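The structure appears right after this line, and notes come after that.
The values are calculated or read from the model by the stated rules, or taken from the named source; none is laboratory data. This is a predicted model, so every value here is computed, not measured. Cβ atoms come from the backbone with ideal geometry, glycine included; neighbour counts cover every protein chain shown.
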Amino acid sequence: MKKETKSVNSIQIKVSNKDIAEIVGEVCSSSYGVLGLTKTRTLKSQIATILNKDNYIEGILIKKERSKYVIDVHVLVIYGVKISEVVNELSKGIAYNLSKKYGPVFSKINIYVEELRDL
């Protein structure tokens with residue numbers, strides 16, 4: 001999905017991966033217990049790296065299902081925090097900020113904790 005125009009309640013909006021990644025990255029960087037976004041780990045790359053602001057897009061995956069979008073977010077979390085609380089707050093923050101900007105075009109936000117790290 002490069003750029004796509006969607007009509008929500010007869011309002012035209014443009015959704016781009018980069019814009020979504022910036023919003024998701026800002027929420028992640030300001031959330032307690034989250035070190036940052038990371039790429040999806042594969043068998044080849046066992047070490048997760050923290051992405052900087054220019055590379056936030058590599059830490060999310062956006063899929064279109066029917067008329068709505070599903071977002072997968074891959075994060076690094078600080079060791080010692082309650083993961084369920086961090087993920088819950090992160091999910092709520094991302095959903096709020098995206099719906100505020102784009103409206104109800106996102107059906108799911110999946111948070112994947114790729115690694116726990118000490119500070």
Could you check, for the range 78-94, whether at least one of its residues is outside any loop (DSSP other than H, G, I, E, B), modelled with pLDDT of 90 or more and among the hydroxyl-bearing types (Ser, Thr, Tyr)?
yes
Are there any pairs, at least 6 apart or on different chains, whose C-beta atoms fall under 7 Å, with the first in the range 69-81 and closer than 7 Å to Leu116 by Cα and the second among the small types (Gly, Ala, Ser) and part of a loop (DSSP other than H, G, I, E, B), and if so, which?
Leu76/Ala48; Val77/Gly33; Ile78/Gly33
Scan the range 34-41 and tell me whether some residue there is at pLDDT below 90, of a type in the set (S, T, N, Q), within 13 Å of Tyr112 (Cβ to Cβ) and part of a loop (DSSP other than H, G, I, E, B).
yes
What about Leu90, is it without any contact (Cβ under 8 Å) to a residue 24 or more places away in the chain and either surrounded by 14 or more Cβ atoms within 10 Å (Cβ to Cβ) or in contact with a helix residue (DSSP H, G or I) (Cβ under 8 Å, 6 or more places away or on another chain) (or both)?
no
